[in-house]
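The values are calculated or read from the model by the stated rules, or taken from the named source; none is laboratory data. Fair warning: this is a prediction, and the values are worked out from it, not measured in the lab. Quick reminder, even Gly has a Cβ in these numbers, built from the backbone with ideal geometry, and neighbours come from all protein chains shown.
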Amino acid sequence: MTMYSRKDWNARAPRARYRLEPDQVEGVALHWPATTTKYQTPAGVMAALRAWQNYHMDTHGWSDIAYQVAIDQAGNWYQLRGLRHRSGANGNDDVNLRYGAILLVVAEGEQPTGALMSRTRERIARFRHIFPQARAIVGHQDVRPEPTSCPGPMVEALIQRGAFEPRRK
């Protein structure tokens, strides 16, 4: 399980960055790309991240790729906006101020692996270290103002079972 920086995946420079305020952050929202493509290698994930960043910046006019971090099925994680920077993924400014955004790189019908689950719990624990009041773990559909199927039925079921809750040591 490897950490990939923005430089590693050849990210474009963000147009702007907005810091999250610790006293406003309530939790983290989990997302998925809602694709049928199964990304099997870091190179494939990195290519997808570049495409998603281009779409977010060039089509939507956002400052950067929408998420703070991405995690693939092998448990690799990719720095996107960074945990301390406000997401653009949750639906509107209010929700983006209150929730972080982690992209789980899983395809439709693909069960999240143990490696993805473990790394996600680790990243959520790190997010809570930075934002101690961020206790909620929700699916994007639970906070988005308009309906969405994100993060997909398998991830949503895992959220409901508490499977992403960091384990105490």
Q: Considering each residue of the stretch 113-131, count those that are outside any helix (DSSP H, G or I) and either hydrophobic (A, V, I, L, M, F, W, C) or closer than 24 Å to Glu21 by Cβ (or both), and give that number.
A: 1
Q. So, of the residues in the stretch 13-23 that are out of contact with any strand residue (DSSP E or B) (no Cβ under 7 Å at 6 or more places or on another chain) and either exposed (fewer than 14 other Cβ atoms within 10 Å of the Cβ) or free of Cβ contacts under 8 Å to residues at least 24 places away in the same chain (or both), which turns out to be nearest to Gly61 (Cα to Cα)?
A. Arg15
(Q) Just to be sure I understand the filter: pairs with C-beta atoms under 9 Å, separated by 6 or more residues or on different chains, first member in the stretch 36-47 and of a type in the set (Gly, Ala, Ser), second member at pLDDT below 95 and outside any loop (DSSP other than H, G, I, E, B). Which pairs pass? (A) none
Q | When residues of the stretch 67-91 are limited to those that are among the aromatic types (Phe, Trp, Tyr) and in contact with a Phe, Trp or Tyr (Cβ under 8 Å, 6 or more places away or on another chain), the one surrounded by the most Cβ atoms within 10 Å (Cβ to Cβ) | A | Tyr78
Q. Can you tell me which of Trp32, Trp9 is buried (at least 17 other Cβ atoms within 10 Å of the Cβ), among the aromatic types (Phe, Trp, Tyr) and under 14 Å from the mean Cα position of the chain (by Cα)?
A. Trp32
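Yes/no per residue for (1) at pLDDT 95 or above; (2) assigned to a loop (DSSP other than H, G, I, E, B); (3) charged (D, E, K, R):
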position: Arg6; (1), (2), (3): yes, yes, yes
position: Asn10; (1), (2), (3): yes, yes, no
position: Ala13; (1), (2), (3): yes, yes, no
position: Val25; (1), (2), (3): yes, yes, no
position: Ala48; (1), (2), (3): yes, no, no
position: Ala51; (1), (2), (3): yes, no, no
